[in-house]
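Undergrad: Structure below; questions to follow.
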Amino acid sequence: MRLAVLLAAAILVDDGSASPTSSAPLIPPAVTPQAQDPLPSPPPPPRQLEQPRRSEPRREPRPDSEDALDLLWRHRLDFAAGGAPRVTIRLMEGQQEIAFRPRGRARLRVRGGAVIEIPAGETIRVRALHALPAVLAYHPLLGDAPYANQSRLDNTRRLWEGRGAKVRRRITGGVYGISGRVLDNRRVALLAEGDGSERSAREFAEESLARYGGRTGVFTEVLTRPTGMLEVLDPAGDRVALGDALVTLEVDGDGGFTVGRVEHDVGYAAHGYEDRAYRGRLHVTLDSSGRLAAVLAIALEELLRGLVPSEIPAGSPREALKAQAVTARSNVLAQIGTRHLTDPYVLCSEVHCQAYRGEAAQALSTDIAVRQTSGQALFGRADRGLVDAVYSAMCGGHGEDNDAVWPSLPNPSLRGLPDLPLEAAKSWRGGLRDERNLRAFLAAAPSAWCSRASTSRKDRYRWERRFAPAELDAFVVGLVPGVGSGKEIGAPASIGFVPRRTPGKEVGSAASSRLAPQGAPGEDGGSAGSTRLGLGHVRALEVTRRGVSGRARTLVVSGDAGRAVVEGELRIRRLLGNLPSAMFVVDRDGDAIVLHGGGWGHGAGMCQWGAVGRAEAGQGYQEILRAYYSGAEVARLY
């Protein structure tokens with residue numbers, strides 16, 4: 001059935017989020033097998049720049065009237081031929097050069113009208129010339145809420161107006177009509193007016209902390225896109241075309257292409273480069289830093305063929321794979337236009353959004369699961385709204401509330417519950433916020449669905465981390481991301497900005513257009529930059545606030561030279577050497593500090609290993625999804 005868009009708004013200004021993410025996938029990224037030799041190393045600068053080696057590129061009108069660059073920056077849901085949703089996903093960014101080769105006869109459309117015929121297997125390289133970064137504006141973020149529940153922000157608005165702030169709204173996301181059902185993922189952000197500089201927004205946050213006891217977040221938006229020319233080079237290193245900030249590869253019959261040295265798992269131990277194969281349309285453009293980004297435009301169902309097996313083992317039971325397919329589809333649709341607002345795409349291919357490794361990850365079992373659930377998404381039992389179906393690898397026996405993981409309002413479809421059979425769950429209905437209950441739960445290690453899965457690792461269900469004094473001191477002495485001034489770590493979510501090496505030029509400051517590395521807000525919504533805690537020798541760790549699953553939300557670190565308060569589940573895990581989860585208790589064994597914990601990931605939404613355990617016990621995918629999303633129902637959209 002053909003789809004119809006009612007309204008698709010990326011950013012609207014009214015009276016003038018950070019969306020959660022999946023945890024690390026169940027399976028680690030694997031090196032992509034190559035059907036051909038890897039793409040060669042970049043050549044030296046081209047010797048000929050004045051005259052192209054081949055005949056002058058022909059020019060022909062675009063088949064559609066809209067500028068492809070506008071589509072990339074619009075952050076809205078698009079539709080492919082036949083009405084299926086199509087999305088743009090970042091393959092990599094921050095690059096000096098990007099190389100690719102089509103697997104079939106192809107056309108390279110250069111923004112400005114040139115079209116170059118590319119034979120199958122020919123390697124093409126793209127470089128940026130005279131590029132300048134985007135101009136970004138930063139605003140203090142006072143709060144945000146779903147559009148349908150924006151009345152929850154009324155008290156926040158009145159409070160800040162009473163404090164003398166001039167408050168404005170921003171609306172992100174959009175409203176879409178698909179097969180008679182309305183999808184509304186709009187969010188309202190309350191912003192305080194300022195000069196638009198990052199420094200001003202950060203100073204506002206620190207003043208808010210000092211005067212009112214809470215730090216505000218940061219909302220980032222693009223005022224001016226990055227500019228520059230893209231130089232297209234053939235295998236001999238000769239220039240064959242120049243494009244205005246964009247070149248697009250289209251392969252006949254959607255025959256696919258290979259992108260060379262795709263950078264993946266940035267910031268994680270598995271960080272590396274590999275050639276990866278894809279289908280769809282490849283855009284090479286400028287990211288907000290003024291460097292090159294490879295962006296894939298692909299139909300949602302085709303995306304899911306590579307996404308689902310990147311997030312869950314393809315050998316899992318069929319019903320677990322179908323549950324993963326529905327959650328992945330729902331999660332993608334819920335994220336459109338609500339994140340990456342300073343980027344020329346709507347999703348990234350890392351766990352910040354959902355892991356995507358292209359064709360190499362595809363498997364027959366997950367292809368079947370995607371096909372059998374085609375067009376199906378999750379809708380809340382109470383409001384019938386689209387569920388942002390987040391998930392994590394292993395909950396450890398108890399799920400977590402969304403607002404304990406991310407600084408957002410409570411979502412009725414994302415309540416943390418015991419992941420146990422009904423009778424066993426009754427013993428833990430009160431939750432694990434009290435440390436005594438958490439200790440008992442960790443010690444008892446009840447037979448949760450994630451521990452029952454035949455292929456799950458027991459050392460992920462329950463684990464131990466032991467820190468010698470010198471090791472713990474090294475964590476705290478080292479650079480800690482997301483630290484503000486003083487000794488308070490953590491802030492409400494920063495919307496519209498995610499990690500990158502080189503942020504764009506900001507307004508209201510003396511920021512240069514040079515591409516110099518600088519800290520940036522992390523996917524956990526942290527503050528920009530890094531600092532040293534300066535606590536001296538660490539004497540004690542104390543968790544002072546926990547979520548319903550017992551996961552730490554506030555950690556106090558005490559040392560010879562003072563104490564620091566660390567806010568946020570992910571920040572706590574990163575501070576302590578990338579813990580598998582924040583579900584832990586602190587013990588001492590002589591001089592060592594020992595953490596006894598459970599689970600692998602943030603614990604919100606679906607427990608992936610729990611889904612496997614439930615499927616092995618005979619539960620269907622819709623029953624599995626109702627268990628993890630508070631009774632949410634599956635409905636077909638297209």
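Undergrad: In the set 376, 372, 354, which member is open to solvent by less than 10 Å² (accessible area, probe 1.4 Å), in contact with a helix residue (DSSP H, G or I) (Cβ under 7 Å, 6 or more places away or on another chain) and polar (S, T, N, Q)? Lay out the reasoning, then the answer.
TA: Values: 376 fails: open to solvent by less than 10 Å² (accessible area, probe 1.4 Å); 372 fails: open to solvent by less than 10 Å² (accessible area, probe 1.4 Å).
One residue alone meets the criteria, 354.
Undergrad: Of (1) part of a loop (DSSP other than H, G, I, E, B); (2) modelled with pLDDT of 95 or more, residue 614 satisfies all except one. Which?
TA: (1)
Undergrad: Residues to consider are 276, 239; find the one that is in contact with a helix residue (DSSP H, G or I) (Cβ under 9 Å, 6 or more places away or on another chain) and charged (D, E, K, R).
TA: Values: 239 fails: in contact with a helix residue (DSSP H, G or I) (Cβ under 9 Å, 6 or more places away or on another chain).
When all the criteria are applied, what remains is 276.
Undergrad: To continue, here is another question. I'm trying to understand the selection: among the residues of region 96-118, which are closer than 18 Å to residue 287 by Cβ and open to solvent by 30 Å² or more (accessible area, probe 1.4 Å)?
TA: Within region 96-118, the subset closer than 18 Å to residue 287 by Cβ is 96-100, 111.
96, 97, 111, listed by residue number.
Undergrad: Further question: Got at least one residue in region 61-72 being more than 30 Å from residue 637 (Cβ to Cβ), at pLDDT below 85 and in a loop (DSSP other than H, G, I, E, B)?
TA: So far as region 61-72 goes, yes, one or more of its residues are more than 30 Å from residue 637 (Cβ to Cβ), at pLDDT below 85 and in a loop (DSSP other than H, G, I, E, B).
Undergrad: Right, another one. From the residues in region 266-278 that are in contact with a strand residue (DSSP E or B) (Cβ under 7 Å, 6 or more places away or on another chain) and closer than 26 Å to residue 75 by Cα, which one is surrounded by the most Cβ atoms within 10 Å (Cβ to Cβ)?
TA: Applying the filter and picking the extreme gives 278.
Undergrad: If you scan region 134-163, which residues turn out to be farther than 15 Å from residue 191 by Cβ and small (Gly, Ala, Ser)?
TA: 134, 148, 151, 162
Undergrad: Right, here's the next one. Confirm whether residue 205 is more than 26 Å from residue 73 (Cα to Cα) and open to solvent by less than 20 Å² (accessible area, probe 1.4 Å).
TA: Considered against the rule, which asks whether it is more than 26 Å from residue 73 (Cα to Cα) and open to solvent by less than 20 Å² (accessible area, probe 1.4 Å), residue 205 comes out as yes.
Undergrad: Scan region 73-95 residue by residue and report those that are of a type in the set (A, V, I, L, M, F, W, C), in a strand (DSSP E or B) and open to solvent by 30 Å² or more (accessible area, probe 1.4 Å).
TA: Matches in region 73-95: 79 only.
Undergrad: Identify the residue in region 606-638 that is of a type in the set (Gly, Ala, Ser) and either closer than 22 Å to residue 444 by Cβ or in contact with a helix residue (DSSP H, G or I) (Cβ under 6 Å, 6 or more places away or on another chain) (or both) and, among all such residues, is most open to solvent (accessible area, probe 1.4 Å).
TA: First, pick out the residues of region 606-638 that are of a type in the set (Gly, Ala, Ser): 610-611, 613, 615, 617-618, 620, 627, 630-632, 635.
Okay, now just the ones that are also either closer than 22 Å to residue 444 by Cβ or in contact with a helix residue (DSSP H, G or I) (Cβ under 6 Å, 6 or more places away or on another chain) (or both), so 610-611, 613, 615, 617, 620, 627.
Details: 610: 0, 611: 0, 613: 5, 615: 16, 617: 66, 620: 25, 627: 41 Å².
Restricting to residues being of a type in the set (Gly, Ala, Ser) and either closer than 22 Å to residue 444 by Cβ or in contact with a helix residue (DSSP H, G or I) (Cβ under 6 Å, 6 or more places away or on another chain) (or both), the top hit is 617.
Undergrad: Here is a follow-up. Among the residues of region 348-362, write down those that are part of a loop (DSSP other than H, G, I, E, B) and among the charged types (D, E, K, R).
TA: 350, 357
Undergrad: Quickly run through region 407-438 and pick out the residues that are at pLDDT 95 or above, within 30 Å of residue 150 (Cα to Cα) and open to solvent by 40 Å² or more (accessible area, probe 1.4 Å).
TA: Answer for region 407-438, where residues must be at pLDDT 95 or above, within 30 Å of residue 150 (Cα to Cα) and open to solvent by 40 Å² or more (accessible area, probe 1.4 Å): 415, 417, 433.
Undergrad: Looking only at region 244-256, how many residues end up being farther than 18 Å from residue 93 by Cα and either among the small types (Gly, Ala, Ser) or in contact with a strand residue (DSSP E or B) (Cβ under 8 Å, 6 or more places away or on another chain) (or both)? Spell out the reasoning first.
TA: From region 244-256, those farther than 18 Å from residue 93 by Cα are 250-256; that's our starting set.
Okay, now just the ones that are also either among the small types (Gly, Ala, Ser) or in contact with a strand residue (DSSP E or B) (Cβ under 8 Å, 6 or more places away or on another chain) (or both), so 250-253, 255-256.
Total satisfying the criteria: 6.
Undergrad: Give me the residue from region 363-389 that is assigned to a loop (DSSP other than H, G, I, E, B), at pLDDT below 95 and not small (Gly, Ala, Ser) and, out of that set, farthest from residue 187 (Cα to Cα).
TA: 381
Undergrad: Please work out which residue is farthest from residue 389 (Cα to Cα), limiting yourself to region 158-196 and to residues that are of a type in the set (D, E, K, R) and assigned to a helix (DSSP H, G or I).
TA: Applying the filter and picking the extreme gives 161.
Undergrad: Would you mention how many residues in region 409-430 are of a type in the set (Ser, Thr, Tyr) and not in a helix (DSSP H, G or I)?
TA: Counting residues in region 409-430 that are of a type in the set (Ser, Thr, Tyr) and not in a helix (DSSP H, G or I) gives 1.
Undergrad: Suppose we filter 288, 310 for residues that are assigned to a loop (DSSP other than H, G, I, E, B), crowded, with 23+ Cβ neighbours inside 10 Å and within 20 Å of the chain's Cα centre (by Cα); which single one remains?
TA: 288
Undergrad: Can you say whether residue 233 is more than 28 Å from residue 321 (Cα to Cα) and modelled with pLDDT of 95 or more, as far as the supplied structure shows?
TA: Values: more than 28 Å from residue 321 (Cα to Cα): yes; modelled with pLDDT of 95 or more: yes.
So residue 233 fits the description; yes.
Undergrad: Taking residue 325, is it at pLDDT 95 or above, over 27 Å from residue 225 (Cα atoms), among the hydrophobic types (A, V, I, L, M, F, W, C) and open to solvent by 10 Å² or more (accessible area, probe 1.4 Å)?
TA: No: the conditions fail for residue 325.
Undergrad: Within region 439-458, which residues are of a type in the set (Lys, Arg) and either surrounded by 13 or more Cβ atoms within 10 Å (Cβ to Cβ) or farther than 23 Å from residue 624 by Cβ (or both)?
TA: Once the filter is applied, which keeps residues that are of a type in the set (Lys, Arg) and either surrounded by 13 or more Cβ atoms within 10 Å (Cβ to Cβ) or farther than 23 Å from residue 624 by Cβ (or both), region 439-458 yields 439, 452, 457.
Undergrad: Restricting the search to region 548-586, which residues are touching a Phe, Trp or Tyr at 6+ places or on another chain (Cβ under 8 Å) and surrounded by 20 or more Cβ atoms within 10 Å (Cβ to Cβ)?
TA: The answer is 550, 552, 575, 576, 580, 581.
The values are calculated or read from the model by the stated rules, or taken from the named source; none is laboratory data. Here the structure is a predicted model, which means the values were calculated and not measured. Ideal geometry is used to build each Cβ from the backbone, glycine not excepted, and the neighbour counts take in all protein chains shown. When the accessible area is computed, the model is the full protein with side chains, heavy atoms only, and any ligands, DNA or RNA have been set aside. Shrake-Rupley method; radii C 1.70, N 1.55, O 1.52, S 1.80 Å.
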